[in-house]
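Colleague: Have a look at the structure that comes next, please.
The values are calculated or read from the model by the stated rules, or taken from the named source; none is laboratory data. These figures come from a predicted structure and were not determined experimentally. FYI the Cβ positions are ideal-geometry reconstructions off the backbone, even for glycines, and counts take in every protein chain you see. Surface areas here come from the heavy atoms of the whole protein model, side chains and all, with no ligands, DNA or RNA. Shrake-Rupley method; radii C 1.70, N 1.55, O 1.52, S 1.80 Å.
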Amino acid sequence: MLLVLVWAGARCWARYEVKMYAPWPRSPESPLFEAAEFVAEVAPEKYWTFVERLNDTMDEAEALGMAIEAAPLDAAGKALLGVSLSTREFSARVEAHRSLAGAAPKESVAFVARNGVVARTPDAFRETLESSVEEECREGTRLGTEVWRGEGAEVVELVVSSFNAEFKRWLRILCDDDRVRFCLRWKPEGEARTLLAGFGASLDIKNMEYKNFDDVKNSEDFFDDRDIEGLVFSKLAERKPELKKKLSELRDALDTSELKAWRIRDLSLQASVAVLAAAAKDDPFEKLQDVSQDFPIRATWVSTTRVDEETRIKAQRQVRAMMRAGTRPGIYVGGVYFSAADTSIHALMKAVREEASQRARIGDRVEASDALSLIKKPAAARIDLLSGSKGAVTYLNNLEKDDMYRRWPRSVQQLLYPSWQLHAISKNLYTALVVLDGPPHEAIRFVQMMLDQGYPVRFGLVVSGKLAPLFALARAARGPKTALDFLIRVLDDDDEEDPLRAYVGAVNSKTRDEPKNASFVLGKEARAEAERLLTTSSSIVSEYETAVGEFLKSKNLPSNCFALNGKIKKLEDFQQQMVPLLGEEQQYLSDLVSRGIVTDRTKSIYGKALYGDATTIPKRYSPNTDLLLDDPEETLERPDDAENVLIFEGEGPVRIVISGEKNAMKQIGRDLVSQKDPRVRVCFLPGDDDYIIINGRKIKANLSRDDLEFILPYEMEIAEKIKGDVEVRIVAAERSRRKGSREKINLDGDFTIKQQTQDNNTNTVPVIAVVDPLTREAQRISSILLFLRSSLSAAPVVSISLVLTPSLDLSEMPLQKYYRYVLDDNSAVFTTPKSQVLTLQIDTPEAWDVQTAKASQDLDNLRGGSDDIEYELKSLVVQGQCYDSKERRPPNGLQLVLDPLGRDTLVMQNLGYFQLRGQPGAFEIKLAPNTRSEKLYDMAEVPVVVADLDGGATQLRVKKKPQFKDVDLLDDDDDDDTEEGKSSIFDRWFSSSSSSSSKNEEEDTVHVFSLATGALYERFLKIMMLSVRKRTSGPVKFWLFENYLTPAFKSDAAKIAAATNFSVAYVTYKWPEWLRRQTVKQRVIWGYKILFLDVLFPLNVPKIIYVDADQVVRSDLRELWNLDLKGKPYGYAPFCDSRPETLGFQFWRSGYWKDHLRGKPYHISALYVVDLVAFRRMAVGDQLRAVYDQLSRDPNSLSNLDQDLPNYAQHSIPIFTLPQEWLWCESWCSDSTKPVAKTIDLCNNPQHKENKLSMAKRIINGSLFNESWVQLDDEVNAIVSSAA
């Protein structure tokens, strides 16, 4: 009986295993090579000791043991090495070594390379050295991480494939030869592929509203043998096959994955209680992993967990405390924050290593867990910038009055609701002042961007210096935004000595909606009028300059700074600091609201934000505030020496050292001592070097008594916790650690789990996870915590704590996906109910470009059974920013190439962002040869090393050649007859079935773009391509988005292309980390369809026509290709409105969308044509990304991302409306219009919800079609079969 039950249970479940491989070889010695690179990074002085201990090995298991045993590291170091090896952290660096190692015969395990000449034997090596005395020894390509030995002039590389006797002989020879300086170059030889860790896989439960499946794959019945509410549906289906559809609907209704609303509300709190209960008798981390990663099948059990009112109150208290403290969900390593959603395990382990190293340096003078917490920088003081600001500050917006904010909620009580992003409230909660003196700063461009994207910030400008008069005139002529436009135009203008040109352009701009001042002469006479006002001492100018001068003097503000609610910062830090400061400020304001200091009746929230609950704050800025509150300029490096000379007078907690006989602070120190100030103790040092040390911070500045009074309250907070001279050692250690502010996490709450190390070692690295147990972050964090505990707690290296912050009032199921994070187990294994249809998604580090390598099922519609699925790391992304050093802006459209791979890309206007792709190795980024970019710009070749699984960012600077300073990169240049003007690099990061063509040939080719995911849509795509080829005259080239296509499809596409005479190329892109991400696979695909059109294609592709995969084309697309778009960047077909029965489903016909469109049509995104030349020239891609980033803050916006986005933006980015006959779909278009339709699209029908496959066979059939859909499908299959 038990056997029968086990067998029946097994039939209910499907099993999927997902692995990730890198395309480079792996040998038994690979762990030893990776271990050597680990030692080179953490302890380079021990590198050669480690290498000399290594021996030959037969397999990886033996190599792993040898690496740990041979490592000259302490127990903590060995544990960290073990983690590095299990996650393959340095595998990419080893492959980079291999790429530089040159060719070696397989029978050799070591050889030497010098100047590219290989010596495979010691005798050959000696002959090479002796015969090349006259030849200069050249430095070859380097990774920058090599550890060198010897000091000779001859630079050589010992290429190593094994650590056997031959290697040791070579090592002795090179060590004994004082003529050489050498390093080791790894060259693993093996047939095995490298299995990667550090990625996630999720199986999303698919919405089965339309049940779109391919009838070729996944034909297995998905009824299983589970008992659902007392019914076994597989048995019922066997007995009543005619009722399968009804039974399926009943089963879906009863399945526990769809809980009733009243059972959903407390799920997160119930999951937290279950995890806390496991802490007493089980393993809370394992419970968190089980509940979060398999939540769809744990939901019913979780919903039965009892929660009393007291527990609910405790949870509310915990969540509010975390929000007030500004504690974000994520992982904190030594108090430094890491996002749980996108931080890789490799980055996390680097942080753990650095933190452990710093704690080791502090030593036993103080408990490291206490010492490092003292380094938290004191909060910056607020300066009263409200009083005296009238007339001096030009406010650009007002959230309480401007129309664009009127739809936002108005109550400050919104701040008390849980949110890890800025609340959009129509109150002036955040006031940012930008003080400019001299030429405009890049920060103003960021101000404009934040205004355009709808940040809930009120911005004000204070402009002094030579631009102040014209700024005042522009403000008076049109308004504050025109004045801002003036500054940006000056910033963009080549001739900074003629700001009048920027003034004229700003006040005459037709894009500004600000009314014109009737008293101002504008138009052609604007320049003359401005010159007159400037020379006649206009009251507009004089009054503004007086107000600004008095304001700056009274506040003692430095030039070029900015302030957020009174916190003063340097202007060059604006872009990096503004968003983090806003996050901190939201928590501060939330606390003021919770304490009743700020209410809905508060007249000036800015004033309350400045003062908080204080009765007084500084009225003036101290010139030494930055020195006093920022990182120390330098520190004492030898604390033991300090102990012998530091003799303090007084007994206060704050330690002040005053050095220098003529130091102006000396008298202030004497006064403090004579007054017996209880706050300080002072030490006076002789010498000529004037400086001050306060609590270990060394300041080279003359401080006034006011400055000292300003800093003392902050120093008191730190000083009272410091014992002896420990502050000197602490600051010295902290100076060398990576940047990143520390946050103190409260671990005293009722929803906190602390797991100390076995011996309660207090100098371990504290790792604290803050998470809602039913979120994507929890799914990832749970695996990380278990991995860290099993790998590092015993050494001990880390102590782990978990803080649960449950959502308290859920309205929908929080997790509709299964998840696995692969660390030391090499694969993600899922066991799921066969009844569920699932979609596989891969979660990888930012730098990974991965694609499907093997799968027997449709990964978009996994329907039971089992499958071993493989992905391959196709390349690593090289990303960065590029700016024109003269014009101080991104060179939009600049073409870059990664040499010698030939992979090229374009620079975006957004942040100057670019991305390239490469395999591990050493390369150079250049301007693409024989292009307009190379013609117009100069750039030094930039070396780039691809050797890190986490990637990195590269900064590029280019400069336009003087003779082309007025030529735009994206302008049409018809008089350019040079070869450079006619040709372009064509080998991007795609493969093509045809070679590059001339410019004229490319213009004659119809370029069609499309994308697909899943077996059904790949099938549709092949049929669409065939229909295009049959109907379109002349050359046709398809550009297909590669990220989601299977190897089988690409093989079939090549066969169809060869048989029917068209070309295929594949483009790919990785969603940038700075652009708000989507999490649902379909929405990610929609984003790729619209957001990156400006950078996906080479510059010599003038247009593209996007055609949905599920369309069949009935007309010549060349007609659409040649259509005049009237200067608009793209053309879309409008939605039909000729089928009355579905008009009620067209949401844009009423409400918000009707008001927003203001009579413009709502277009469908299934077919559109893009003029890429105009698209790039008008910076449409950058505008679309900006609008997307603004709207996507609301998860309920952009329901149909690829469609809603261009329709929403059409007031600023106009759409050419294509003739209606270009797209027909049965859902919206009447049957009478079908005969004239040029393309047929299989739109989902909201009334009938018909499967697309049956829809295709029914609709694309009959006398209107040369071939039915079935005939096209058969033709595709015949072509593929005949070419096999």
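Colleague: Can we say Ser590 is part of a helix (DSSP H, G or I) and buried (at least 21 other Cβ atoms within 10 Å of the Cβ)?
Modeller: Details: part of a helix (DSSP H, G or I): yes; buried (at least 21 other Cβ atoms within 10 Å of the Cβ): yes.
When the stated conditions are applied, Ser590 passes them.
Conditions tested, residue by residue: (1) within 42 Å of the chain's Cα centre (by Cα); (2) closer than 24 Å to Tyr337 by Cβ.
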position: Arg532; (1), (2): no, no
position: Lys555; (1), (2): yes, no
position: Asp591; (1), (2): yes, yes
position: Ile597; (1), (2): yes, no
position: Arg601; (1), (2): yes, no
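Colleague: Among residues belonging to the stretch 312-330 that are among the β-branched types (Val, Ile, Thr) and buried (at least 18 other Cβ atoms within 10 Å of the Cβ), point out the one that is nearest to the chain's Cα centre (by Cα).
Modeller: Of everything passing the filter in the stretch 312-330, Thr327 is nearest to the chain's Cα centre (by Cα).
Colleague: Follow-up. Just to be sure I understand, how many residues within the stretch 35-75 are of a type in the set (Phe, Trp, Tyr) and touching a residue at least 60 places away in the same chain (Cβ under 8 Å)? First the steps, then the outcome.
Modeller: So the first thing to find is which residues in the stretch 35-75 are of a type in the set (Phe, Trp, Tyr), and the list is 38, 47-48, 50.
Filter once more, keeping what is touching a residue at least 60 places away in the same chain (Cβ under 8 Å): 47-48.
Looking only at that region, the number is 2.
Colleague: Would you pick out the residues in the stretch 1039-1066 that are aliphatic (A, V, I, L, M) and either part of a loop (DSSP other than H, G, I, E, B) or closer than 23 Å to Ala1186 by Cα (or both)? Please lay out each step first, then the result.
Modeller: As a first pass, look at the stretch 1039-1066 and keep what is aliphatic (A, V, I, L, M): 1040, 1045, 1048, 1053-1054, 1056-1059, 1064-1065.
Scanning the stretch 1039-1066 gives a single hit, Leu1045.
Residue-by-condition table, conditions (1) aliphatic (A, V, I, L, M); (2) in contact with a Gly (Cβ under 7 Å, 6 or more places away or on another chain); (3) crowded, with 23+ Cβ neighbours inside 10 Å:
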residue: Asp938; (1), (2), (3): no, no, no
residue: Val942; (1), (2), (3): yes, no, no
residue: Thr954; (1), (2), (3): no, yes, no
residue: Lys961; (1), (2), (3): no, no, no
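Colleague: Condition first: open to solvent by 20 Å² or more (accessible area, probe 1.4 Å), hydrophobic (A, V, I, L, M, F, W, C) and at pLDDT 80 or above. Can you find one or more residues in the stretch 422-438 that meet it?
Modeller: yes
Colleague: Hey, can you tell me all the residues within the stretch 184-201 that are open to solvent by 10 Å² or more (accessible area, probe 1.4 Å) and outside any loop (DSSP other than H, G, I, E, B)?
Modeller: First, the residues of the stretch 184-201 that are open to solvent by 10 Å² or more (accessible area, probe 1.4 Å): 187, 189-193, 195.
Correct list: Ala192, Arg193, Leu195.
Colleague: Can you give me the ranges of the strands (runs of 3 or more DSSP E) entirely in the stretch 819-905 with at least 1 residues that are within 30 Å of Asp938 (Cα to Cα) and open to solvent by 30 Å² or more (accessible area, probe 1.4 Å)? Let's see the steps before the verdict.
Modeller: On the way: elements: 828-833, 838-843, 848-854, 866-884, 895-899.
Strands (runs of 3 or more DSSP E) meeting the threshold: 866-884, 895-899.
Colleague: State which residue pairs qualify: first residue touching a residue at least 60 places away in the same chain (Cβ under 8 Å) and more than 18 Å from Lys960 (Cβ to Cβ) and inside the stretch 920-944, second residue open to solvent by 20 Å² or more (accessible area, probe 1.4 Å) and among the polar types (S, T, N, Q) in any location, beta carbons under 9 Å apart, and separation of 6 or more residues or different chains.
Modeller: Pro920/Ser99; Gly921/Ser99; Gly921/Thr141; Ala922/Ser99; Ala922/Thr141; Val944/Thr954
Colleague: Is there any pair with a first residue in the stretch 766-787 that is among the hydroxyl-bearing types (Ser, Thr, Tyr) and a second that is part of a helix (DSSP H, G or I) and open to solvent by less than 20 Å² (accessible area, probe 1.4 Å) whose Cβ atoms are under 7 Å apart and which are 6 or more apart or on different chains, and what are they?
Modeller: From residues that are among the hydroxyl-bearing types (Ser, Thr, Tyr), the pairs are Ser782/Phe285; Ser782/Leu288; Ser782/Ser292; Ser782/Gln293.
Colleague: Quick check, is Ile345 touching a residue at least 24 places away in the same chain (Cβ under 8 Å) and either open to solvent by less than 10 Å² (accessible area, probe 1.4 Å) or touching a helix residue (DSSP H, G or I) at 6+ places or on another chain (Cβ under 9 Å) (or both)? Write out each step before concluding.
Modeller: Numbers: touching a residue at least 24 places away in the same chain (Cβ under 8 Å): yes; either open to solvent by less than 10 Å² (accessible area, probe 1.4 Å) or touching a helix residue (DSSP H, G or I) at 6+ places or on another chain (Cβ under 9 Å) (or both): yes.
So Ile345 passes the test.
Colleague: To continue, here is another question. Does any residue in the stretch 1273-1284 that is closer than 14 Å to Ala1054 by Cβ come within less than 6 Å, Cβ to Cβ, of a residue that is open to solvent by 60 Å² or more (accessible area, probe 1.4 Å) six or more places away or on a different chain, and which pairs are these?
Modeller: Pairs that qualify, where the first residue is closer than 14 Å to Ala1054 by Cβ and the partner is open to solvent by 60 Å² or more (accessible area, probe 1.4 Å), are Ile1279/Ala1059.
Colleague: Please determine whether any residue of the stretch 796-810 is buried (at least 18 other Cβ atoms within 10 Å of the Cβ), within 17 Å of Leu348 (Cβ to Cβ) and not aliphatic (A, V, I, L, M).
Modeller: There is at least one residue in the stretch 796-810 that is buried (at least 18 other Cβ atoms within 10 Å of the Cβ), within 17 Å of Leu348 (Cβ to Cβ) and not aliphatic (A, V, I, L, M).
Colleague: Restricting attention to the stretch 555-581, which residues are modelled with pLDDT of 85 or more, of a type in the set (A, V, I, L, M) and either closer than 20 Å to Gln453 by Cβ or surrounded by fewer than 20 Cβ atoms within 10 Å (Cβ to Cβ) (or both)?
Modeller: Leu564
Colleague: Moving on. Out of the stretch 1236-1272, which residues are farther than 13 Å from Gln1111 by Cα, open to solvent by 60 Å² or more (accessible area, probe 1.4 Å) and touching a residue at least 12 places away in the same chain (Cβ under 8 Å)?
Modeller: Val1236, Gln1247, Lys1249, Leu1264, Asn1266, Val1270
Residues are listed down the side, and each one gets a yes or a no for (1) hydrophobic (A, V, I, L, M, F, W, C); (2) modelled with pLDDT of 90 or more; (3) open to solvent by 10 Å² or more (accessible area, probe 1.4 Å):
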residue: Gly454; (1), (2), (3): no, no, no
residue: Leu467; (1), (2), (3): yes, no, no
residue: Phe471; (1), (2), (3): yes, yes, no
residue: Lys481; (1), (2), (3): no, no, yes
residue: Phe486; (1), (2), (3): yes, no, no
residue: Glu497; (1), (2), (3): no, no, yes
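Colleague: Within the stretch 35-57, identify whether any single residue is hydroxyl-bearing (Ser, Thr, Tyr), at pLDDT 90 or above, outside any loop (DSSP other than H, G, I, E, B) and open to solvent by less than 30 Å² (accessible area, probe 1.4 Å), and answer yes or no.
Modeller: Residues of the stretch 35-57 that are hydroxyl-bearing (Ser, Thr, Tyr), as a first pass: 47, 49, 57.
Now narrow it down to the ones that are at pLDDT 90 or above: 47, 49.
Now restrict to residues that are outside any loop (DSSP other than H, G, I, E, B): 47, 49.
Narrowing further to those that are open to solvent by less than 30 Å² (accessible area, probe 1.4 Å): 47.
Yes, the conditions are met somewhere in the stretch 35-57.
Colleague: Having 2 or more residues that are surrounded by fewer than 20 Cβ atoms within 10 Å (Cβ to Cβ) is the bar; report the strands (runs of 3 or more DSSP E) wholly within the stretch 1125-1222 that clear it. Steps first, please.
Modeller: Working: elements: 1130-1134, 1163-1171, 1215-1217.
Those strands (runs of 3 or more DSSP E) span 1215-1217.
Colleague: Scan the stretch 1186-1212 and report the pairs whose first residue is under 26 Å from Arg445 (Cβ atoms) and in contact (Cβ under 8 Å) with a residue 40 or more places away in the chain and whose second residue is acidic (Asp, Glu) and surrounded by fewer than 20 Cβ atoms within 10 Å (Cβ to Cβ), with Cβ atoms within less than 7 Å and a gap of 6+ or a chain change.
Modeller: From the stretch 1186-1212, the pairs are Ala1186/Asp452.
Colleague: Could we say that Arg181 is crowded, with 19+ Cβ neighbours inside 10 Å, of a type in the set (Lys, Arg) and either modelled with pLDDT of 65 or more or assigned to a strand (DSSP E or B) (or both) here?
Modeller: Details: crowded, with 19+ Cβ neighbours inside 10 Å: no; of a type in the set (Lys, Arg): yes; either modelled with pLDDT of 65 or more or assigned to a strand (DSSP E or B) (or both): yes.
In short, no.
Colleague: Anything in the stretch 868-910 that is more than 27 Å from Leu949 (Cα to Cα) and out of contact with any helix residue (DSSP H, G or I) (no Cβ under 9 Å at 6 or more places or on another chain)? List them, or say none.
Modeller: Ser885, Lys886
Colleague: Next question, about the same structure. Quick one: which residue in Thr1005, Thr1013 is among the β-branched types (Val, Ile, Thr), modelled with pLDDT of 80 or more and in contact with a Phe, Trp or Tyr (Cβ under 7 Å, 6 or more places away or on another chain)?
Modeller: Numbers: Thr1005 fails: in contact with a Phe, Trp or Tyr (Cβ under 7 Å, 6 or more places away or on another chain).
One residue alone meets the criteria, Thr1013.
Colleague: If you don't mind, there's one more thing I want to ask. Name the pairs: first residue in the stretch 647-659 and of a type in the set (Lys, Arg), second residue surrounded by fewer than 22 Cβ atoms within 10 Å (Cβ to Cβ), Cβ to Cβ under 7 Å, at least 6 apart or on different chains?
Modeller: Pairs found: Arg655/Phe648; Arg655/Arg681.
Colleague: For residues in the stretch 906-941 being part of a strand (DSSP E or B) and aliphatic (A, V, I, L, M), which is nearest to Ser91 (Cα to Cα)? Outline the logic, then answer.
Modeller: Pass one, the stretch 906-941, residues part of a strand (DSSP E or B): 906, 913-918, 921-927, 937-938.
In the following step, the residues that additionally are aliphatic (A, V, I, L, M) were identified as 906, 916, 922, 925, 927.
Working: Leu906: 29, Leu916: 20, Ala922: 15, Ile925: 23, Leu927: 30 Å.
Residue satisfying both the conditions and the ranking: Ala922.
Colleague: On to the next question. With the condition kept exactly as written, say whether any residue in the stretch 359-380 is over 29 Å from Asp452 (Cα atoms), among the charged types (D, E, K, R), at pLDDT 85 or above and in contact with a helix residue (DSSP H, G or I) (Cβ under 6 Å, 6 or more places away or on another chain). Spell out how you get there, then give the answer.
Modeller: Initially, the stretch 359-380 is screened for residues over 29 Å from Asp452 (Cα atoms), giving 359-379.
If we keep only those that are among the charged types (D, E, K, R) as well, we get 359, 361, 364-365, 367, 370, 376-377.
Now narrow it down to the ones that are at pLDDT 85 or above: none.
No, the stretch 359-380 has no match at all.
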